[in-house]
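Notes follow once the structure below has been shown.
Computed from the coordinates by the stated procedures, all read-outs in this text should not be read as laboratory data. All of these numbers come straight from a predicted model, not from anything done at the bench. Please note: Cβ atoms are built from the backbone with ideal geometry, for glycine as well, and neighbour counts cover all protein chains shown.
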Amino acid sequence: MRIPNALPLFAAAMVASIASAQTPPPVSAPSGQKTLASTLNVYAFPSAGQTPSQQSIDETACYNWAVQNTGYDPFQIAKNTQATQQQAAQQQKQVQQSNVGAGAKGAVGGAAGGALIGAIAGDAGKGAAIGAGVGFLGMKVRAREQEQQASQQANQQVQAATQTAAQQLDAFRKAFSVCLEAHQYLVKY
């Protein structure tokens, strides 16, 4: 009569088999691909059980709606800000390049003027040397002032562009979030 002793083992094996069949499959790791919302630092939780593909569709629709209603496209804002930064850097570089040799140019001009004045005073060589030194320093100081002014203007342009971009991006994110909330997402940015 070993059969009755095998029955509990058989029952236990059946329960384990049924339990393992009902165990949900392991959750797969995220694909590593960011959603449109997270790319914009907006976090949307699908509170009505939307699937990832539905969320993608909703985010795209809300993105287009926000662009249409604000007039701001975040990716274009980023491009414009980058272009402003590059333009400012280029202008600064041009000023620096135009000032290369400024001291030498000043020295030549100063030497000529100093020689003329020195000739009148009786020592053209001494006048030329003094004039060259004064001309060199004068042109170097002017060149440095021009570079500082160009740098200050470039910084102001970049700051203004960055501030404008931040305001535009904030307006876009608000519109984008409102649209996602209307599609039953819990949104934070």
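Remarks
- Sorted peptide list for 37-45, 69-77, criterion being average Cβ within 10 angstrom, highest first: 37-45, 69-77
- Gained length - Ser38 relative to Ala61, 0.36 nm times residue gap less alpha-carbon distance: 6.8 nm
- Other residues whose C-beta falls under 12 angstrom from the C-beta of Cys62 contribute a net charge of -1, scoring Lys and Arg +1 and Asp and Glu -1.
- Sequentially through region 70-75, phi angles give Karplus couplings (6.51, -1.76, 1.60; θ = phi - 60°) of 9, x, 10, 10, x, 6 Hz, Gly and Pro residues having no value and appearing as x.
- Residue separation of Glu145 and Ser53 scaled by 0.36 nm, minus their Cα-Cα distance, works out to 27.3 nm of gained length.
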